[in-house]
1. Here are some residues: VAL174, VAL159, VAL152. Which one is under 18 Å from ARG96 (Cβ atoms), surrounded by 15 or more Cβ atoms within 10 Å (Cβ to Cβ), more than 17 Å from the chain's Cα centre (by Cα) and among the aliphatic types (A, V, I, L, M)?
2. Taking region 114-127 as the search range and keeping residues that are touching a residue at least 40 places away in the same chain (Cβ under 8 Å) and in a loop (DSSP other than H, G, I, E, B), which one is surrounded by the fewest Cβ atoms within 10 Å (Cβ to Cβ)?
3. How about region 189-283: which helices (runs of 4 or more DSSP H) wholly inside it have at least 3 residues that are touching a residue at least 24 places away in the same chain (Cβ under 8 Å) and not β-branched (Val, Ile, Thr)?
4. Take the residues of region 194-231 that are of a type in the set (A, V, I, L, M, F, W, C) and closer than 14 Å to PHE121 by Cα: which is surrounded by the fewest Cβ atoms within 10 Å (Cβ to Cβ)?
5. Going through region 90-112 one residue at a time, which ones are among the basic types (Lys, Arg), surrounded by fewer than 20 Cβ atoms within 10 Å (Cβ to Cβ) and touching a strand residue (DSSP E or B) at 6+ places or on another chain (Cβ under 9 Å)?
6. Would you check which residues across region 129-157 are touching a residue at least 60 places away in the same chain (Cβ under 8 Å) and acidic (Asp, Glu) and list them?
7. Looking only at residues that are in contact with a Gly (Cβ under 7 Å, 6 or more places away or on another chain) and in a loop (DSSP other than H, G, I, E, B) in region 83-113, which one is farthest from THR64 (Cα to Cα)?
8. How many of the residues making up region 88-113 are more than 16 Å from the chain's Cα centre (by Cα) and free of Cβ contacts under 8 Å to residues at least 12 places away in the same chain?
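Each reported figure results from applying straightforward, stated rules to the coordinates on display, with no laboratory input. This one's a predicted model, so the numbers in the text were calculated from it and none came from an experiment. Neighbour counts run over all protein chains shown; Cβ positions are idealised from the backbone, glycine included.
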Amino acid sequence: MRAVTIVLTFALLSGAVAPSAWAQTVAPLAGPPPLSTEIPPLPPIDPALPTLFLVGDSTVKVGTAGQMGWGEVLPAHLDTSRINVVNFARGGRSSRTFRTEGLWERVLAALRPGDVVLIQFGHNDGGELFDTTRPRASLPGTGDETRQGTVVLTRTFEVVRTFGWYLREYVADVRSRGAQPILCSLVPRGRWADGRIVREDYARWTREIATVTSTPLLDLNEIIAKHYEAMGVERVAALFADQGTHTTPDGAALSASLVAGGLRALGGPLTNYLTGRFSFLLR
């Protein structure tokens, strides 16, 4: 595929193949329909108030009927007359593509000293680097390894970094604006093995980056997994709208309660804005 890409890119630049003929030249890519790359506007932000930004994937904010992300419920646990809550998470994004698509730049442009950013990635960081209709993977781990190549879908050259590298960049960017980053390990899927919820490597790598960068950590992968295990397989299954990734409104309410409880336990600038309305759904 790389050789085909190089030849066709040369042909496009030389005029031998017209750009309009690209779709006929390249075989259809494998995978679901490509994600829209249109960047939505930020909602209105009251400049007199501090802002809590949420960035992540569809487990934080989803647009599918019957599904809900925890970030859509979290404002119920905060005094929104005293703090803005901007949920700018986008379904299907990874730690890599939230940056490369320009979504992160929009957040940075609005970020002010004293704001707080909750950062959760990992669900979409596996998969393909350059091929298929959704080339969004980061490299595994937390090191400085790189892979470079041409993204076939967009015909752009890219240097891909590790999951941990991208998290370090988010942390550094937030701090450079005088704001506070909080890293969140990915919420667990409803997957079981030997009577326990499966923990994921992305959670471990998030913990590692939180440690080396001295960043507050909300370990949602572990916090929520423990609650799932206390509830049992059948009750947890009812909290998911699919095969174990996207939660129902009740599932999102549970996760948001645990996020709020975790923020209170962390202390820090958000504590004064929490309302204390927690419901862990363990009845």
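1. Values: VAL174 fails: more than 17 Å from the chain's Cα centre (by Cα); VAL159 fails: surrounded by 15 or more Cβ atoms within 10 Å (Cβ to Cβ).
None of the others qualify; the one that does is VAL152.
2. If we filter region 114-127 for residues that are touching a residue at least 40 places away in the same chain (Cβ under 8 Å), which is where we start, we get 114-125.
Add one more test, that the residue is in a loop (DSSP other than H, G, I, E, B), and what stays is 114-115, 121-125.
Numbers: GLY114: 13, ASP115: 23, PHE121: 29, GLY122: 25, HIS123: 22, ASN124: 25, ASP125: 25.
Here the residue is GLY114.
3. 201-212, 220-231, 249-266
4. LEU217
5. Listed by number, the list holds a single entry, ARG112.
6. Within region 129-157, just ASP131 meets the criteria.
7. Looking only at region 83-113, we keep the residues that are in contact with a Gly (Cβ under 7 Å, 6 or more places away or on another chain), and these are 87, 89, 91, 113.
Okay, now just the ones that are also in a loop (DSSP other than H, G, I, E, B), so 89, 91, 113.
Details: ALA89: 14, GLY91: 10, PRO113: 34 Å.
Among residues in region 83-113 that are in contact with a Gly (Cβ under 7 Å, 6 or more places away or on another chain) and in a loop (DSSP other than H, G, I, E, B), the one farthest from THR64 (Cα to Cα) is PRO113.
8. Count: 1.
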